[in-house]
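First comes the structure, then the notes that go with it.
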Amino acid sequence: MKRPLLSFAQIWNMSFGFLGIQFGWALQLANVSRIFQTLGADIGDIAILWIAAPVTGLIIQPIIGHMSDHTWTRLGRRRPYFLIGAIFASIGLLIMPNSPALWVAAGMLWILDASINVSMEPFRAFVGDMLPNEQRTKGFAMQSFFIGTGSVIASLLPWILSNWIGIENTAPEGEIPPSLKISFYAGGVVFFGAVLWTVLSTKEYTPEEMDAFEEEEKDKTEGEESASSFDPSPLAAGVFSKHAHWWLIVGIALTFLIVNYSHHEEPLILSIGFIVFGIIQYLTAWLTRQGRTDSGFVEVINDLFKMPKTMRQLAWVQFFSWFGLFSMFLYTTPAVTSHVYGTTDPTSQIYNTGADWVNVMFGTYNGVAALVAFLFAPVAAKIGRKSLHMVNLILGGIGLISMYTVTDPNLLLVSMIGVGFAWASILAIPYAILTGSLPSRKFGIYMGIFNFFIVLPEITASSIYGFLLSTFYNDQAIYVIITGGISLIIAALLVIRVEDKY
C-alpha cells in the first residue's frame, strides 16, 4: 500500500504550524543576543550564554523523536508533541522579555528552546509520515515557505512597531524596550494559534496504515539499513566500548591542554562533551551485555552508529551549514552595530537603531526564502537536488562574507539575498534527500539524530567564538560573520559526495 498523494490544501494545513514555530524561533534568534547585551552581557559572553539552547536540543530531539515514533493517542502520533511544545513555548515567549536579570534570561532561553524543539522535531518526521517520496520536496518546501513567512513578520515586527506605530525602541539601562516586549507577546499568540490550526485540520494515518506503507517501502531501505546495523549482542557491546576509548582519550587530552595552556574556559564544553559521549557509550555497552537492547536509550545510541550512508554524508553538510548560520545568528547584532553603526553601547539610540535594522535584515533573508521555496521542486527536477543545494549554499556564503565590505546599512539587505537562498535550501533539500533513505518506522528517531548536526555546530560555535574573538579577532564580531560564510562554502563542497536516491 502506497501513501496517497495529498492536495495543495492538505500540504498547506499540515505545514501551517511551522509559521508559528518559526515566528517564535525568529524572535529568539534575532533578539536574544540583544536582550543579553541590554542586561549587561559582554560581547565575549554572548556565545557561551547561548549554550543552553543547543545542549537542550541535543537532549530533547532524539528523546522526542523516539517517543513520537512509539506514540498513538486520540490526537495521533506527532500532533500531541506539536501541541505540548506550543503551550510551553508560548508561555516562554511571554516571560522572556520581562527577565529582570541576565541569569534569568539565560534560563528562559533554555526553557524556550526546549519547548520549541518539542514542537519542531516531530514536524520534520510528519512530512515523511504523511507524504509519498515524490511529494516530500514539495512538503519540505512548504515548510520553508512558512518558516520564511513567519520569520519575515517576526523579524520585522520590532522595527515596524518602532518606525510605523511609534512605540519606543529604547529603555533605561537594564530594561528591555517596549517594542521588543510587544513583539514577544505577539509571538506567543501566533505560535500557539498556528500549531493549533495544524493539530485540528490534519488527520494522521493510523498505525495499521503506517505498517502497510512501510511494507511497500521496505525494499528501498532495508538493504542499506541492514548493512549498517549493529547486532544487539556482545559483539555490538565491544564495538561501543572501542569507540568509547577514543572519545575518552580525545576528551581527556583536550581538557588537559585547555586547563594548562589556555586562558579561556569555553572550549572545555567541547572536551567535556567528548568525555560524556565516551561514558554514554560505555553505558550502552554495559546495557547491551545485560540484554537491555529494548531500552530507548540503547536504541538511540544504536541508531546513531548505524545511520544510513546518505544520512552520514548529509550530516557533514548539515554541520558546516548550521555552523555558518549560527555564526550569523549569534553575532549579526554586535557585528552590524559595531562595524556599520560604530557603537557597542546598548543604551544608545544608534545601537538600538542598528539592532532594529538587524531585524530588517533577518526579515529580508527570510522573505527571500519564502519566495524561492516553491521554485525548488521544479528546479530540482531539472538539475537535481544536490546541484541546487550546492548553488544555494555558495550564494549564502558569498552573502555573509560580503558584509565585511558594506558601510551603508541598506546594502546589507543585498547581502541577505544570498543568505535567503541558502536558508530556504538548508530547511528543505537535506530533509527531502534524507527521507528517501530512511525506514518509515524510524522517521522520528532518525530526524532527532539528524538534528544533532544542527545542535553540535551551535555548541561548537558557542564554545569557541569567545576564544576566537579575544585571541584572533580583536573583539570584532564581523570576523565571526566571515567565518560563517566560509563554513557555508565548505558545506557546499561536501554536497558533492552525497548520494541522493531521487
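Filtering segment 106-133 to residues that are over 13 Å from Phe82 (Cβ atoms) and without any contact (Cβ under 8 Å) to a residue 40 or more places away in the chain leaves Met108, Ile111. Quick one: is Ala377 more than 21 Å from Phe329 (Cβ to Cβ) and surrounded by fewer than 17 Cβ atoms within 10 Å (Cβ to Cβ)? Judged against the criteria, Ala377 is not a match. For segment 141-155, the condition of being buried (at least 17 other Cβ atoms within 10 Å of the Cβ), assigned by TED's automatic domain parsing to the domain that holds Pro97, in contact with a helix residue (DSSP H, G or I) (Cβ under 7 Å, 6 or more places away or on another chain) and under 21 Å from Ser99 (Cα atoms) holds for at least one residue.
When the residues of segment 432-453 are filtered to those that are among the hydroxyl-bearing types (Ser, Thr, Tyr) and farther than 15 Å from Ala141 by Cβ, the one that is surrounded by the most Cβ atoms within 10 Å (Cβ to Cβ) is Tyr446. For segment 34-60, what are the residues that are of a type outside the set (A, V, I, L, M) and at pLDDT 80 or above? Of everything in segment 34-60, those that are of a type outside the set (A, V, I, L, M) and at pLDDT 80 or above turn out to be Arg34, Phe36, Gln37, Thr38, Gly40, Asp42. The condition of being charged (D, E, K, R), in the same structural domain as Gly148 (by TED's automatic domain parsing) and either within 23 Å of the chain's Cα centre (by Cα) or within 19 Å of Ser183 (Cα to Cα) (or both) holds for only one of Asp356, Asp345, that being Asp356. Scanning segment 88-105 for residues that are free of Cβ contacts under 8 Å to residues at least 12 places away in the same chain and among the aromatic types (Phe, Trp, Tyr) gives a single hit, Trp103. Checking Pro122, Pro100 one by one, the residue that is outside any helix (DSSP H, G or I) and not aromatic (Phe, Trp, Tyr) is Pro100 and no other.
Criterion first (farther than 20 Å from Pro334 by Cβ, touching a helix residue (DSSP H, G or I) at 6+ places or on another chain (Cβ under 8 Å), crowded, with 17+ Cβ neighbours inside 10 Å and in the same structural domain as Ser201 (by TED's automatic domain parsing)) does Asn117 satisfy it? Answer is yes for this residue. Among the numbered conditions (1) modelled with pLDDT of 85 or more; (2) farther than 27 Å from Lys138 by Cα; (3) of a type in the set (Ser, Thr, Tyr), the only one that Ser15 does not meet is (2). Do we find a residue being in a loop (DSSP other than H, G, I, E, B), assigned by TED's automatic domain parsing to the domain that holds Ile182 and within 22 Å of the chain's Cα centre (by Cα) anywhere in segment 51-60? Yes: one or more hits.
Taking the conditions (1) at pLDDT 85 or above; (2) at negative phi in turn, Gly76 satisfies each one other than (2). Residues considered: Trp25, Trp110. Of these, the only one that is assigned to a helix (DSSP H, G or I), of a type in the set (Phe, Trp, Tyr) and surrounded by fewer than 21 Cβ atoms within 10 Å (Cβ to Cβ) is Trp110.
Take the conditions part of a helix (DSSP H, G or I), buried (at least 18 other Cβ atoms within 10 Å of the Cβ) and modelled with pLDDT under 75 and apply them to Ile258. Does it pass? So Ile258 fails the test. Would you kindly identify the helices (runs of 4 or more DSSP H) lying entirely within segment 397-502 that contain at least 2 residues that are in contact with a His (Cβ under 8 Å, 6 or more places away or on another chain) and at pLDDT below 90? So the answer is 443-450, 452-471.
The residues of segment 157-168 that are out of contact with any Phe, Trp or Tyr (no Cβ under 8 Å at 6 or more places or on another chain) and not small (Gly, Ala, Ser), listed by number, are Leu157, Pro158, Ile160, Leu161, Asn163, Trp164, Ile165, Ile167, Glu168. Among the residues of segment 412-431, is any surrounded by fewer than 24 Cβ atoms within 10 Å (Cβ to Cβ), assigned by TED's automatic domain parsing to the domain that holds Leu325 and touching a Pro at 6+ places or on another chain (Cβ under 9 Å)? So far as segment 412-431 goes, no, none of its residues is surrounded by fewer than 24 Cβ atoms within 10 Å (Cβ to Cβ), assigned by TED's automatic domain parsing to the domain that holds Leu325 and touching a Pro at 6+ places or on another chain (Cβ under 9 Å).
Among the candidates Ile445, Ile496, Ile486, Ile464, the residue that is under 18 Å from the mean Cα position of the chain (by Cα) and farther than 24 Å from Thr343 by Cβ is uniquely Ile445.
The values are calculated or read from the model by the stated rules, or taken from the named source; none is laboratory data. In this text, all values refer to a predicted model and were calculated from it rather than measured experimentally. Glycine also receives a Cβ, built like all others from the backbone with ideal geometry; neighbour counts cover every protein chain displayed.
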